[in-house]
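Worksheet: the structure to be examined is printed underneath.
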Amino acid sequence: MPNLAQYHPQIVHFVVALLTVGVVLRIISLAGRPKFVNPMAATLLLLGTGATVLAVKSGTDAHGPVERIPGTRDLVVEHEESGEKTRNWFLGVAALELVALALGRDATRARYARLVHVGSAVVGLLGTAELVHGAGHGGELVYNYAGGPGLRSGNPQDVERLLLAGLYNQSRIDRREGRRAESAALVNEMAKRFPNDVDVRFLRVESLLLDSKDYAAALVAADSISVPEGNARLRSRQATLKADIYLAQGKRDSARAVLAPVVAAFPTNARLKAKLDSIK
């Protein structure tokens, strides 16, 4: 079977959707009405069980790079074990559903199918509890430990974007907690690694203003960024930063002079207009 690591996110979403809805419909079907719920539940549960087999295979294919991230190994193992338990619970559900289908074909034994459906619902609930448990660990691996980037596409740029996000978020935390030098160092690392990224260049201007308080260098850095005349977002960003630099220097006239032509160019920008009004 081919390596399915890159498809793990898609497959597990099908598993969660198909099995959760399937179990709910199976419980509803025990009331006997409406009639269409019974075959629908069976279909979803059988499809979902097949998806669990693929989910376990794709998760096994993906686990290597993730468990090598420091601090993730135990969580990866627990996630894998939970996925295997979920698969096994629903293989049992699938077996019961097939038995019920076979019983339903024989009029003399059809009454026993409902008892089998009760068993399927009970086992399905147990499997769903394990599914929720395992899904929680999967979400933790992706969102708390950044275990996903680079796995789906194999593109190194995914990891670069992860690095950029980490540098950005940590710099914000450091600044908020008063660690200005550490914040500046992280922003400088961003600028070093992503020198052509306009947003990163603006972040460096902001860092020179807020972290280093090097107003002259901040102004030079802001002026060095070439912004298209028609790009409202970037022109507003540049003008706002330059205005803040001038205000930090006590140059209110210069701040107004920077903002005024941009406000005139983009009169619907309420935030920029409010900024200009605040320093009149």
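The values are calculated or read from the model by the stated rules, or taken from the named source; none is laboratory data. All of these numbers come straight from a predicted model, not from anything done at the bench. Note: ideal-geometry Cβ built from the backbone for every residue, glycine included; neighbour counts use all protein chains shown.
Are any of the residues in region 178-197 aromatic (Phe, Trp, Tyr) and closer than 23 Å to residue 251 by Cβ?
no
Against the condition surrounded by fewer than 21 Cβ atoms within 10 Å (Cβ to Cβ) and at positive phi, how does residue 273 come out, does it pass?
Numbers: surrounded by fewer than 21 Cβ atoms within 10 Å (Cβ to Cβ): yes; at positive phi: no.
So residue 273 fails the test.
Looking at 13, 79 in this structure, which one is assigned to a helix (DSSP H, G or I), within 14 Å of residue 147 (Cβ to Cβ) and assigned by TED's automatic domain parsing to the domain that holds residue 124?
Unique residue meeting the criteria: 79.
Do you know which of the residues in region 30-56 that are surrounded by fewer than 20 Cβ atoms within 10 Å (Cβ to Cβ), part of a helix (DSSP H, G or I) and not aliphatic (A, V, I, L, M) is modelled with the lowest pLDDT?
39
Spot the failing condition for residue 239; the list is (1) surrounded by 18 or more Cβ atoms within 10 Å (Cβ to Cβ); (2) over 18 Å from residue 279 (Cβ atoms), and only one is missed.
(2)
I'd like the full set of residues that are surrounded by 22 or more Cβ atoms within 10 Å (Cβ to Cβ) and either among the charged types (D, E, K, R) or assigned to a loop (DSSP other than H, G, I, E, B) (or both), limited to region 207-224.
211
Condition first: at pLDDT below 95, assigned by TED's automatic domain parsing to the domain that holds residue 175 and among the small types (Gly, Ala, Ser). Can you find one or more residues in region 200-208 that meet it?
no
Looking only at region 130-159, count every residue that is over 30 Å from residue 23 (Cα atoms) and at pLDDT 85 or above and tell me the total.
Adding up the residues that qualify gives 0.
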